Structure formats: structure tokens, C-alpha cells
1. For region 52-121, which GluC sites (Glu not before Pro) are in a loop by DSSP, counting at most 11 other Cβ atoms within 10 Å?
2. Can you tell me the Rg and Dmax of the chain, counting just the alpha carbons, in angstroms?
3. Quick one: which residues, 5 or more positions from GLN201 or on another chain, have an amide H under 5 Å from its amide H? H modelled 1.01 Å from N in the peptide plane, none for Pro or chain starts.
4. Please report, in cubic angstrom per residue, the volume enclosed by the convex hull of the alpha-carbon atoms of region 57-162.
5. If you count only protein heavy atoms with a 1.4 Å probe, what accessible area per residue comes out for region 78-154, rounded to a whole Å²?
6. Hey, in the GNM for the chain with a 10 angstrom Cα cutoff, which one of SER91, SER59, SER83 fluctuates hardest?
7. Just ILE56, ILE184, ILE35 to compare: in a GNM of the chain, with alpha carbon springs under 10 Å, which one fluctuates most?
8. Quick check on the chain: helices-only [θ] at 222 nm, where DSSP H runs of length 4 and up contribute -39,500 (n - 2.57) each and the sum goes over total residues. Nearest 500, please.
Amino acid sequence: MDNKILRDLTYGVYVVGSLDGERKVGCIANSVMQITSNPASIAISINHDNYTNECIKKSNMFSVSILNEESNPNIIGTFGFSSSKEVEKYSLFEHELVEGIPVIKDSNGYIICEVTSVLETETHTIFVGKVINMNKYDNKNVMTYKYYHEVLKGSSPKKAPTYQENIVEEIKGNRWKCMICGYIYEGDELPLDFTCPICGQGYEAFEKID
């Protein structure tokens, strides 16, 4: 089976935000979809082990910031490969509070939802939320899951619904892989001053792929 075909399903790349009391929390998600139009409702899928999951359950609210192809890739590195328990993620990027919930401004816009139902799967929680606010910031090309993999050369966080450990890419020439976020650098040599465009790690975080 060639499970890379799953990347051809339509996914975006989103920042899902919520609150732990007054503390802003968030993570990367790629499984977000509109369920109904009137009233508008949205469903998201969040890993059980993700700190944002328990915060959504406590606050009963979540936001979805829709990233575009020109959004800073470090947003994905920060929100996808570190925990809100340890990092004040929103402090690193321009953001605002809407209905009290944080949203990323370097995006095409946001949707704010109030949770109306919850479904537990073996590894993830599916939250369905009623849309209570939404707005556009920009109209750039939406960043798709496929674009993130094939153009930005990133990999899915292990807690993502679409994470697949056994996808093996064809290797052409010399390649170095970031051991933090999975970004692949291609070239004759990896420059000593190179910085990962996804997670911001330096040369020492990379290993050559044989």
C-alpha cells in the first residue's frame, strides 16, 4: 500500500487555540472541517496527549486560525513541536483575543467556537463547536497539508491525526533531517549557520540521511 495517497485528502494547517484559566494555549491541527452552515458549526480533532485537548474541555471554547502559504513557518514549529505547558507560544507571534480566545494574526483569519458536543476516539477527541465569531485577515493561498510536506519539507507532529511513521520518501542526493520537527534540507552540504525554517533549530539538530 502507498499511504502517501492520504496526503491528497484535503487538509489545511491550522492553529487551534484555547485557554487554561487566563493562560493562552494552542497547538497545530490539520483535521478541521465545517459540519453545518446554518447555524455554522466546526469539528476539530485533537490528540488525547495534547495539553490543548484538556484545556478545550475545561474552557468549552476553541479558536481556529487558518494559516496561509506565506504564514511564518516558525508558527508551525512552535505550536506543533512544543507544549503549551512549557512555552508561552502566543507571546512569540502577533495575536489578539477574540471572545477571550487567542488567534494568530499572521493567517487568513479565524473562527471562534463554543463546544456543543464531544466524541472520544482511541487516540483523539473530536470537538464540535458552534461558531460564535469569525473574521478574515487576508486572502492568500491557504496552506494545505500537502503544501507543508512537499514545499516546506515539514513533517507532521506525532500527535497529529494524520501522522504516519511509515511513510518513506524517495531520497535524491544529500539530505539532512531536523530531529526536532522533521524538516528536510537538500544540498551538497548543510551550512554550519543553517537554521531550520520550521522550528528555528540550528545545524546541531540535523542528522544526515543515508
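The values are calculated or read from the model by the stated rules, or taken from the named source; none is laboratory data. Since we're looking at a predicted model, the values are computed, not measured. Here the Cβ is made from the backbone with ideal geometry for all residues, glycine too, and neighbour counts use every protein chain on show. Calculation scope for accessible area: heavy atoms of the full protein, side chains included, ligands and nucleic acids excluded. Shrake-Rupley method; radii C 1.70, N 1.55, O 1.52, S 1.80 Å.
1. On the way: sites: GLU54, GLU69, GLU70, GLU86, GLU88, GLU94, GLU96, GLU99, GLU114, GLU120; in loops: GLU69, GLU70, GLU86, GLU88, GLU94, GLU99.
Counting only loop positions with at most 11 other Cβ atoms within 10 Å, the GluC sites (Glu not before Pro) in region 52-121 are GLU86, GLU88, GLU94.
2. Values for the chain (Cα only, Rg and Dmax): 17.2, 54 Å.
3. Amide H to amide H, under 5 Å and 5 or more residues apart or across chains, GLN201 pairs with CYS196.
4. Numbers: hull volume 12.4 nm³, N = 106.
Output value, Cα hull per residue: 117 Å³.
5. 52 Å²
6. Fluctuation is largest for SER91.
7. The residue with the greatest mean-square fluctuation here is ILE35.
8. Helices in the chain give a 222 nm mean residue ellipticity of -3000 deg cm²/dmol.
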